[in-house]
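See below for the structure under consideration.
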Amino acid sequence: MLKICYPIQIMKTVFLETVEFLLICVCGTIFGGLLFMLYNVITSYVIGSQMNYFLPNIFIDGMLICFPPLLFFTPMFRLLSLVRHKTKNKIFALATICVLSLAFWIFLVPICEKAVHAGDALFEKPPTELTKGYFRKLDSNTYYLSSVENKYIDALEFENDDSKKNQAERKVELVKNRRMVFERDKYGFSDPLVGERLQPSKILAAFFQGLYSMEKSAFSACAAGLKNWLFFSSIMVALLSVGALIDASSWRLVSAFWILFTTITIIALNFLYMNFYFSPLTNRLDSMGNFFIMVKNNFQFIMNCVITVVLLIAGTLCAISGKKDFSGDDL
């Protein structure tokens with residue numbers, strides 16, 4: 001009877017894990033697409049114009065953009081679930097998570113990257129043309145736009161000089177038929193009036209900047225060929241190696257903490273490398289011989305491999321020691 005039930009339990013574990021993994025991917029991608037569409041609607045909105053609330057093409061672009069970053073966090077969500085539900089067959093559940101994550105990352109993410117950049121969804125799009133009848137700060141001066149047509153404006157230009165505290169001392173000039181190149185600000189807002197009121201916090205801006213830079217790095221690796229893409233995919237291998245810590249403690253709260261902390265640390269280290277924070281370190285390797293030049297050229301891959309090995313060794317040691325000092329099953 002046991003020989004019949006055991007394969008059934010394995011199949012049940014694999015099936016449930018696959019369904020839950022797919023649900024996270026599908027629901028997370030749809031939610032990310034909606035957020036991206038909402039962000040695009042808000043940043044492209046110009047005071048005095050009509051707002052379009054639903055843009056199907058932007059929604060699809062948003063799903064394609066959000067799917068790769070979502071995969072960074074999906075293993076963590078599934079590992080936390082395994083920590084919470086101790087009745088599951090963890091070995092086969094972990095194997096299912098690894099197979100699905102690597103398969104999605106290696107085969108589906110390149111398709112998303114190419115599709116996104118084919119439509120230039122990730123590049124800066126030209127801003128929406130501004131409307132007349134409002135004061136706006138452009139080119140370090142303030143303008144009251146009386147006419148805007150095909151990037152040519154008629155306006156009153158007010159000099160912004162902080163040294164002149166008296167408004168009457170500031171220069172005012174009548175502008176006729178001047179060509180004005182409108183640009184989005186650093187947060188992507190088309191209209192300065194909207195951007196001034198809806199600027200994100202520094203933490204939120206840094207988070208989105210991190211996702212944006214990792215998205216760009218993923219596209220560059222994907223476009224550079226299979227070898228570069230596989231080397232870049234080492235980040236996913238490192239994230240999956242966090243599964244070795246699933247039984248790091250008999251207290252589930254501690255195990256969950258280590259999974260969360262290690263996942264964030266791996267993503268943060270890769271983010272720092274992609275944004276050249278490690279350049280002072282890697283540049284020193286040029287003068288240390290051919291071996292270290294090779295290390296510099298493949299620094300991210302080697303870093304992720306070292307992380308993977310360390311986590312696997314740590315997980316193995318935890319499994320071997322396996323001593324329970326107290327019972328934390330209810331926590």
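Is the stretch 236-244 home to any residue that is closer than 27 Å to SER44 by Cβ and under 15 Å from the mean Cα position of the chain (by Cα)?
So in the stretch 236-244, the residues closer than 27 Å to SER44 by Cβ come out as none.
No; the residues of the stretch 236-244 include none that is closer than 27 Å to SER44 by Cβ and under 15 Å from the mean Cα position of the chain (by Cα).
Quick test of your reading of the structure: ILE65 fulfils all but one of (1) aliphatic (A, V, I, L, M); (2) more than 25 Å from ILE97 (Cα to Cα); (3) touching a residue at least 24 places away in the same chain (Cβ under 8 Å). Name the failing condition by number.
Only one criterion in (1) aliphatic (A, V, I, L, M); (2) more than 25 Å from ILE97 (Cα to Cα); (3) touching a residue at least 24 places away in the same chain (Cβ under 8 Å) is unmet by ILE65, namely (2).
Yes or no: ILE293 over 26 Å from VAL99 (Cα atoms), more than 23 Å from the chain's Cα centre (by Cα) and in a helix (DSSP H, G or I)? Give the derivation first.
Working: over 26 Å from VAL99 (Cα atoms): yes; more than 23 Å from the chain's Cα centre (by Cα): yes; in a helix (DSSP H, G or I): yes.
Yes, satisfied.
Return yes or no: is VAL148 of a type in the set (Val, Ile, Thr), part of a strand (DSSP E or B) and either loosely packed, with under 14 Cβ neighbours inside 10 Å or in contact with a Ser or Thr (Cβ under 7 Å, 6 or more places away or on another chain) (or both)? Please lay out each step first, then the result.
Details: of a type in the set (Val, Ile, Thr): yes; part of a strand (DSSP E or B): yes; either loosely packed, with under 14 Cβ neighbours inside 10 Å or in contact with a Ser or Thr (Cβ under 7 Å, 6 or more places away or on another chain) (or both): yes.
Judged against the criteria, VAL148 is a match.
Please determine whether any residue of the stretch 23-38 is within 29 Å of the chain's Cα centre (by Cα) and more than 24 Å from TRP105 (Cα to Cα).
Pass one, the stretch 23-38, residues within 29 Å of the chain's Cα centre (by Cα): 23-38.
Subset that is more than 24 Å from TRP105 (Cα to Cα): 38.
Yes, the conditions are met somewhere in the stretch 23-38.
Tell me which of these LEU312 doesn't satisfy, since it passes every other one: (1) in contact with a strand residue (DSSP E or B) (Cβ under 9 Å, 6 or more places away or on another chain); (2) modelled with pLDDT of 85 or more.
Condition not satisfied by LEU312: (1).
Would you confirm, using the coordinates I've provided, whether PHE271 is at pLDDT 80 or above, part of a helix (DSSP H, G or I) and open to solvent by 60 Å² or more (accessible area, probe 1.4 Å)?
Working: at pLDDT 80 or above: yes; part of a helix (DSSP H, G or I): yes; open to solvent by 60 Å² or more (accessible area, probe 1.4 Å): no.
When the stated conditions are applied, PHE271 does not pass them.
Please find, among ASP185, ASP154, the residue that is part of a strand (DSSP E or B) and at pLDDT 75 or above.
Numbers: ASP185 fails: part of a strand (DSSP E or B).
The unique qualifying residue is ASP154.
For the stretch 61-75, give me each residue that is open to solvent by 40 Å² or more (accessible area, probe 1.4 Å) and in contact with a helix residue (DSSP H, G or I) (Cβ under 7 Å, 6 or more places away or on another chain). Working first, answer last.
Taking the stretch 61-75 as the starting set, the residues that turn out to be open to solvent by 40 Å² or more (accessible area, probe 1.4 Å) are 63-64, 73.
Listed by number, the residues that qualify are MET63, LEU64.
Which one is nearest to the chain's Cα centre (by Cα) among residues in the stretch 96-105 that are touching a residue at least 40 places away in the same chain (Cβ under 8 Å) and open to solvent by less than 50 Å² (accessible area, probe 1.4 Å)?
The selected residue is TRP105.
Sort out which residues of the stretch 224-263 are open to solvent by 70 Å² or more (accessible area, probe 1.4 Å), in a helix (DSSP H, G or I) and either without any contact (Cβ under 8 Å) to a residue 40 or more places away in the chain or in contact with a Gly (Cβ under 9 Å, 6 or more places away or on another chain) (or both), and write them in order of number.
Once the filter is applied, which keeps residues that are open to solvent by 70 Å² or more (accessible area, probe 1.4 Å), in a helix (DSSP H, G or I) and either without any contact (Cβ under 8 Å) to a residue 40 or more places away in the chain or in contact with a Gly (Cβ under 9 Å, 6 or more places away or on another chain) (or both), the stretch 224-263 yields LEU226, LYS227, ASN228, LEU253, PHE257, TRP258, PHE261.
Inspect the stretch 76-83 for any residue being open to solvent by 20 Å² or more (accessible area, probe 1.4 Å), assigned to a helix (DSSP H, G or I) and basic (Lys, Arg) and give the result as yes or no.
No, every residue in the stretch 76-83 fails to be open to solvent by 20 Å² or more (accessible area, probe 1.4 Å), assigned to a helix (DSSP H, G or I) and basic (Lys, Arg).
The values are calculated or read from the model by the stated rules, or taken from the named source; none is laboratory data. What you are looking at is a predicted structure, and each value in this text was computed from that prediction instead of being measured. A quick note on method: Cβ atoms are made from the backbone with ideal geometry, for glycine too, and the neighbour counts reach across all protein chains shown. Each accessible area value is taken on the protein alone, full model and side chains, heavy atoms only, with ligands, DNA and RNA left out. Shrake-Rupley method; radii C 1.70, N 1.55, O 1.52, S 1.80 Å.
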